[in-house]
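Chemist: Provided herewith is a single structure, encoded as structure tokens, for subsequent inquiry.
The values are calculated or read from the model by the stated rules, or taken from the named source; none is laboratory data. Computed from a predicted model, the values in this text were never measured in an experiment. Every residue, glycine among them, receives a Cβ derived from its backbone with ideal geometry; neighbour counts consider all protein chains shown.
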Amino acid sequence: IERTFSMIKPDATARNLTGKIVAKLEDAGLRVVASKRIHMSLAQAEAFYAVHKGRPFYEELTKQMSAGPVVVQVLEGENAILKNREVMGATNPANAAEGTIRKEFALSIGENSAHGSDAPETAAEEIAFWFSKTEIVG
Ligand code: GTP
Ligand code: MG
């Protein structure tokens, strides 16, 4: 059984889509084993997205991610990392498959409603960035 990190982005919380997004994840067989709603600072967004530092979209991304509340979550399930990314769909909603979170809800490549870890190493790092061990209840 695998764990991954998931985040519902400010564009989605602003439109009251948290429940609809969680339902899609649960319908795919993923279980929410930790969850909290936070409003991250710009400094936290810059640290969380440090891997993208230097990319042309870094400033816009960190500004957007700190512009409103997000829901950070830990998801558990068989192949959770890949499954979460399948349910999210392609980064750019224009390329996202029918039925995916980004196809249904994303506004643009930047305001694309959800984040999900892309590999076991980043999943472990991102979970540890937002959650202590006692906050995760499987
Ligand atoms: P995440 O799950 O959020 O990591 O998405 P991803 O793995 O599909 O995309 P990636 O890690 O390449 O980029 C991280 C985030 O940066 C994306 O989710 C987008 O919101 C944003 N991003 C990526 N490319 C662009 C871009 O060209 N323009 C803008 N404005 N944002 C981008
Ligand atoms: Mg990514």
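Chemist: Can you go through Ala12, Ala50 and tell me which one is modelled with pLDDT of 95 or more, under 11 Å from the mean Cα position of the chain (by Cα) and under 21 Å from Phe131 (Cβ atoms)?
Modeler: When all the criteria are applied, what remains is Ala12.
Chemist: Take the stretch 29-60 and flag every residue that is out of contact with any Gly (no Cβ under 6 Å at 6 or more places or on another chain) and either surrounded by 16 or more Cβ atoms within 10 Å (Cβ to Cβ) or aromatic (Phe, Trp, Tyr) (or both).
Modeler: If the condition is that a residue be out of contact with any Gly (no Cβ under 6 Å at 6 or more places or on another chain) and either surrounded by 16 or more Cβ atoms within 10 Å (Cβ to Cβ) or aromatic (Phe, Trp, Tyr) (or both), then Ala34, Ser35, Met40, Gln44, Ala45, Glu46, Phe48, Tyr49, Phe57, Tyr58 are the ones that fit.
Chemist: Would it be correct to say that Gly19 is part of a helix (DSSP H, G or I) and either farther than 22 Å from Ser132 by Cβ or of a type in the set (Phe, Trp, Tyr) (or both)?
Modeler: yes
Chemist: State the number of residues belonging to the stretch 96-110 that are surrounded by fewer than 17 Cβ atoms within 10 Å (Cβ to Cβ) and within 10 Å of ligand 1 (Cβ to nearest atom).
Modeler: Residues meeting the conditions: 3.
Chemist: Contact list please: Cβ distance under 7 Å, first residue in the stretch 74-92 and within 15 Å of ligand 2 (Cβ to nearest atom) and modelled with pLDDT of 95 or more, second residue among the polar types (S, T, N, Q) and in a loop (DSSP other than H, G, I, E, B), pairs at least six apart or on different chains.
Modeler: Ile81/Ser117; Val87/Thr100; Met88/Thr100; Gly89/Thr100; Thr91/Asn112
Chemist: Looking at the stretch 119-130, which of its residues are surrounded by 15 or more Cβ atoms within 10 Å (Cβ to Cβ) and within 12 Å of ligand 2 (Cβ to nearest atom)?
Modeler: Correct list: Thr122, Ala123, Glu126.
Chemist: Let me ask another. Based on what the data block shows, is Thr62 within 14 Å of Ile21 (Cβ to Cβ), within 16 Å of ligand 2 (Cβ to nearest atom), among the β-branched types (Val, Ile, Thr) and more than 13 Å from the chain's Cα centre (by Cα)? Walk me through it before giving the result.
Modeler: On the way: within 14 Å of Ile21 (Cβ to Cβ): no; within 16 Å of ligand 2 (Cβ to nearest atom): yes; among the β-branched types (Val, Ile, Thr): yes; more than 13 Å from the chain's Cα centre (by Cα): yes.
No: the conditions fail for Thr62.
Chemist: Test Pro93 against the stated conditions and say whether it is under 21 Å from His52 (Cα atoms) and surrounded by fewer than 16 Cβ atoms within 10 Å (Cβ to Cβ).
Modeler: no
Chemist: When residues of the stretch 23-59 are filtered for being in a helix (DSSP H, G or I), of a type in the set (A, V, I, L, M, F, W, C), in contact with a Ser or Thr (Cβ under 8 Å, 6 or more places away or on another chain) and closer than 28 Å to Gly138 by Cα, how many remain?
Modeler: Result for the stretch 23-59: 2.
Chemist: Among the residues of the stretch 77-130, how many are at negative phi, under 14 Å from the mean Cα position of the chain (by Cα) and not in a helix (DSSP H, G or I)?
Modeler: 14
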